[in-house]
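**Student:** Mind having a look at this structure? Questions to follow.
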Amino acid sequence: MSDWLGPQEWQAVALSIKVSLWATILSLPFGVLVAYALARGQFRGKQLLNGLVHLPLILPPVVTGYLLLLTFGRRGAIGGWLEETFGLVLAFRWTGAVLAAAIMAFPLMVRAIRLAIEAVDPKLEQAAATLGAPRIWVFATITLPLILPGLITGAVLAFAKAMGEFGATITFVSNIPGQTQTLPSAIYTFLQVPGGEASALRLVAVSVAIAMVALLASELLARRAARRGQERGRVE
Amino acid sequence: MSLVVDITHPFGAFTLNVAFQAPGGITALFGRSGTGKTTVINAVAGVLRPAQGRITLSGEVLFDARAGIALPLHKRRLGYVFQDGRLFPHMNVRRNLVYGMRFAPGDAAGPGLDDVCDLLGIGGLQARYPGTLSGGEKQRVAIGRALLSHPRMLLMDEPLAALDSARKEEILPYLERLRDHTNMPILYVSHSMSEVARLATSVVILEDGQVVRSGPAEQVLSDPDMVRQIGLREAGAIVSATLKKHHDDGLSEFSISGGQLLLPRAQLEPGAVTRVRILAKDVMIALDRPRDVSALNILPCEILTLRGGDGPGMIVQMACGRDRLLARITRRSADALALAPGGKVHAVIKSVSIARADVGHL
């Protein structure tokens with residue numbers, strides 16, 4: 001495949017996969033936490049949290065990217081602190097692309113997980129509590145295994161969204177080949193230069209292939225997880 | 001080990017205002033649907049927080065509205081058996097059973113996995129998943145799971161209500177064994193008088209959110225004033241009976257404090273002590289000992305009270321040895337026989353009118 005793809009194209013594909021994987025993995029715990037709070041929590045500001053989570057879905061991606069630049073840029077409130085404390089720079093780095101992708105994919109992930117949590121009968125969690133299990137244990141042994149199919153769906157959706165993220169990423173971390181040029185940015189760049197259509201098309205093919213594989217894999221995993229529960233329900 | 005409940009909570013059209021004690025054994029909370037039974041048991045479990053009141057178990061405060069104490073669900077150590085079982089669908093029976101064991105404090109005494117499996121007859125189900133179990137098996141596993149968390153008390157909310165009568169019959173003996181062979185106190189919510197009569201050692205009768213009567217089961221069930229709450233067809237006394245021997249013609253002979261009872265063959269060994277429920281509608285009253293009558297059980301009694309209602313019937317409470325019996329007869333018969341408190345009569349009971357389900361197993 002590296003023969004078929006040029007070095008710049010290959011870099012873009014590899015970077016996109018790396019960024020999307022990290023974005024998915026890092027946001028998953030937060031996604032579960034927020035989804036749980038939204039599904040089960042009763043607290044003031046629940047609607048505010050819900051709105052905040054969904055904001056990237058509705059805002060123009062450029063706006064989200066610019067807001068990220070303002071807060072997580074080297075002179076931004078959080079960005080400056082991160083650099084001072086951890087030496088972590090996000091703006092114009094691949095790490096920033098991870099953040100942008102994660103933020104943009106977050107609403108989809110939370111939605112899928114939230115639906116799965118809402119489908120879990122709270123009476124089961126209550127039953128576990130009457131047996132002496134503290135809340136965190138109930139979550140780990142009852143809720144989490146039961147929402148596994150939803151968790152997988154959420155993760156795959158987030159991964160796919162991260163792979164396709166363009167607007168926020170290019171605004172926040174720009175389009176530096178080898179550093180922040182993800183697959184969509186690369187396609188965009190190739191389309192801007194004469195004779196770049198062939199490269200663009202190859203990347204388009206790669207995008208389609210990755211998307212299909214991700215979808216199939218999630219379908220398979222989710223079905224297996226669901227079947228494990230159901231089989232136990234039917235067959236002896 | 002005694003549970004003391006005194007709570008007030010808004011409940012639908014009325015206010016739940018309930019105070020009672022559960023001394024040990026099986027305490028049945030009996031009442032029609034919508035009288036607040038489940039609210040009470042949920043308050044004890046910690047699922048629901050009453051508006052006011054206090055709940056203590058052996059002196060330890062589980063809930064005290066005034067002091068602002070409400071022990072969280074998982075710290076109360078009360079095994080709750082729900083009507084719908086609530087087994088964890090993604091775990092096999094064994095993992096369901098042992099789920100609560102790790103949370104029991106080290107010094108908590110209680111049965112082990114093998115004991116519980118023996119007691120409930122579920123040893124062979126351990127590898128199976130809840131979805132493959134019958135309703136009766138599920139409920140037995142749910143009881144076992146609650147027992148293995150080594151609770152201080154079991155709470156059962158209509159555990160048999162979702163089962164058909166054959167499945168009920170399958171579980172009742174296990175509950176009787178639980179009552180007779182462990183000293184686990186049980187709070188048992190039910191609207192079925194036949195279950196209460198079989199199981200309860202104490203009864204608390206609820207009506208519209210209030211306790212109308214509570215006390216030892218034999219006393220409450222033979223109280224003519226409770227007939228309305230219990231229901232005319234369901235009203236009846238329970239008597240303690242010792243199995244003497246099985247007869248060749250399919251009958252079993254029991255002795256009770258006031259005489260003997262011949263009943264359809266019971267699944268018991270001679271010498272076993274059990275309880276027999278005698279419905280008021282199945283008892284006839286005769287002044288003289290009847291002769292040449294098909295009914296096999298004729299017990300000499302003394303009339304204690306007569307209670308009439310709006311209808312044509314009356315309830316007669318009688319003493320038979322140390323036991324109490326109830327008879328439901330017409331006002332016309334009572335007048336014709338000139339029945340009055342203190343009168344010596346005979347209670348006549350057909351053997352076949354006592355169903356197998358009315359006789360305890362152990």
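The values are calculated or read from the model by the stated rules, or taken from the named source; none is laboratory data. Here the structure is a predicted model, which is why all the values come from computation and not from measurement. Cβ sites come from the backbone with ideal geometry, for glycine too, and all protein chains shown count toward neighbours. For accessibility, only protein heavy atoms count, side chains too; no ligands or nucleic acids. Shrake-Rupley method; radii C 1.70, N 1.55, O 1.52, S 1.80 Å.
**Student:** How much of the accessible area of the protein assembly as shown, in percent, comes from carbon and sulfur atoms when a 1.4 Å probe is used?
**Tutor:** That fraction is 57 percent.
**Student:** Starting from the Cα of A:Ile136, step 7 Å along the direction of its Cβ; do the same at B:Ala108; then give the gap between the two resulting points in nm.
**Tutor:** Taking the simple label geometry, A:Ile136 and B:Ala108 are separated by 2.0 nm.
**Student:** Calculated FRET efficiency, A:Phe43 and A:Ala226, Cβ-Cβ r, R0 35 Å, to nearest 0.05?
**Tutor:** 0.65
**Student:** So what is the accessible area of the stretch B:236-358 per residue, in Å², with the probe set to 1.4 Å?
**Tutor:** Solvent-accessible surface per residue comes out at 50 Å².
**Student:** Kindly identify residues of the stretch B:58-105 having a loss of at least 40 Å² in accessible area between the isolated chain and the assembly of all protein chains, probe radius 1.4 Å.
**Tutor:** Residues of the stretch B:58-105 that lose at least 40 Å² of accessible area once the other chains are added: B:Leu73, B:His74, B:Arg86, B:Phe88, B:Pro89, B:His90, B:Tyr99, B:Phe103.
**Student:** Arranged from highest to lowest average of other beta-carbon atoms within 10 Å per residue, in what order do the peptides A:118-126, B:146-154, B:174-182 appear?
**Tutor:** Numbers: A:118-126: 15.7, B:146-154: 23.0, B:174-182: 18.0.
Averaged packing, sorted descending, gives the order B:146-154, B:174-182, A:118-126.
**Student:** Subtracting the Cα-Cα distance from 0.36 nm times the residue separation, let me have the gained length for B:Asp292 to B:Ala272 in nm, one decimal.
**Tutor:** Difference between extended and current length: 4.1 nm.
**Student:** Return the distance in nm (one decimal) between the two label points of a simple spin-label model at A:Glu219 and A:Thr71, each offset 7 Å from Cα along Cα→Cβ.
**Tutor:** Distance between the two pseudo-spin positions: 3.7 nm.
**Student:** Evaluate the distance, in nm, between pseudo-label points positioned 7 Å from the Cα of A:Glu84 and of A:Leu33 along their respective Cα→Cβ axes.
**Tutor:** Taking the two extended label points, one gets 2.3 nm.
**Student:** To one decimal place, what Kirkwood hydrodynamic radius in Å is obtained for the protein assembly as shown from all pairs of distinct Cα atoms?
**Tutor:** 29.1 Å
**Student:** In deg cm²/dmol and to the nearest 500, what is the mean residue ellipticity at 222 nm of the protein assembly as shown if only DSSP H runs of at least 4 residues count, each as -39500 (n - 2.57), divided by the residue total?
**Tutor:** Numbers: 20 runs with 256 residues, N = 598.
Computed ellipticity for the protein assembly as shown at 222 nm equals -13500 deg cm²/dmol.
**Student:** May I pose another question? I need the phi-derived Karplus couplings for the stretch B:337-350: 6.51 cos²θ - 1.76 cosθ + 1.60, θ = phi - 60°, integer Hz, Gly and Pro marked x.
**Tutor:** With the stated coefficients, the stretch B:337-350 comes to 8, 6, 6, 8, x, x, x, 8, 9, 10, 8, 10, 10, 6 Hz.
**Student:** Could you work out how far the C-alpha centroid of the stretch A:5-72 sits from that of the stretch B:211-227, in angstrom?
**Tutor:** Cα centres, the stretch A:5-72 to the stretch B:211-227: 64 Å.
**Student:** What list of ³J(HN,Hα) couplings, whole Hz, do you get for the stretch B:181-194 from phi and the Karplus terms 6.51, -1.76, 1.60, once you set θ to phi - 60° and write x for glycine and proline?
**Tutor:** Once θ is set to phi - 60°, the couplings for the stretch B:181-194 become 10, 10, 10, 7, x, 10, 9, 10, 8, 7, 10, 9, 5, 5 Hz.
**Student:** Same structure, new question: I'd like to check one number: the per residue accessible area of the stretch A:66-157, probe 1.4 Å, reported in Å² as a whole number.
**Tutor:** Heavy-atom accessible area per residue stands at 47 Å².
**Student:** Follow-up question, since we're still on this one. In Å², what does the accessible area per residue of the stretch B:25-83 work out to with a 1.4 Å probe? Can you show the working numbers first?
**Tutor:** Working: 2320 Å² over 59 residues.
Result: 39 Å² per residue.
**Student:** So which residues in the stretch A:123-146 end up with at least 50 square angstrom less accessible surface once the other protein chains are there, compared with the chain by itself, probe 1.4 angstrom?
**Tutor:** A:Lys123, A:Leu124, A:Gln126, A:Thr130, A:Leu131, A:Trp137
**Student:** Can you grab the distance from the C-alpha centre of the stretch B:141-200 to the C-alpha centre of the stretch A:173-187, Å, no decimals?
**Tutor:** Between the Cα centres of the stretch B:141-200 and the stretch A:173-187 lies a distance of 67 Å.
**Student:** OK, next. Rank B:Phe20, A:Phe106 by accessible area, highest first, at a 1.4 Å probe radius?
**Tutor:** Result of the area sort, largest leading: A:Phe106, B:Phe20.
**Student:** Here's something else I'd like to know. Quick one: how many Å² of B:Val61 are accessible to a 1.4 Å probe, rounded to 10?
**Tutor:** Number for this one is 40 Å².
**Student:** Now for a separate question. For the pairing of chain B with chain A, what total accessible surface becomes buried, with a 1.4 angstrom probe, in square angstrom to the nearest 100?
**Tutor:** Buried surface at the B/A interface: approximately 2200 Å².
**Student:** Can you list the HN-Hα couplings for the stretch B:287-297, worked out from phi with the Karplus curve (6.51, -1.76, 1.60; θ = phi - 60°), rounded to whole Hz and with x for Gly and Pro?
**Tutor:** The phi angles translate into 6, 9, 4, x, 10, 6, 10, 6, 4, 8, 10 Hz.
**Student:** Report the equivalent ellipsoid semi-axes for chain A in whole Å, largest first, defined as the square roots of five times the eigenvalues of the gyration tensor built from alpha carbon atoms. Working shown, then result.
**Tutor:** Values: eigenvalues 260, 114, 36 Å².
Working through the eigenvalues yields semi-axes of 36, 24, 13 Å.
**Student:** 5 Å is the cut-off here: which amide hydrogens, built 1.01 Å from N in the peptide plane, fall below it relative to B:Gly25, excluding neighbours closer than 5 in sequence?
**Tutor:** Excluding prolines and chain starts, which carry no amide H, the hits are B:Ile186.
**Student:** Hey, how many Å between the Cα centroid of the stretch B:1-33 and the Cα centroid of the stretch B:50-94?
**Tutor:** With the stretch B:1-33 and the stretch B:50-94 each reduced to a Cα centre, they are spaced 14 Å.
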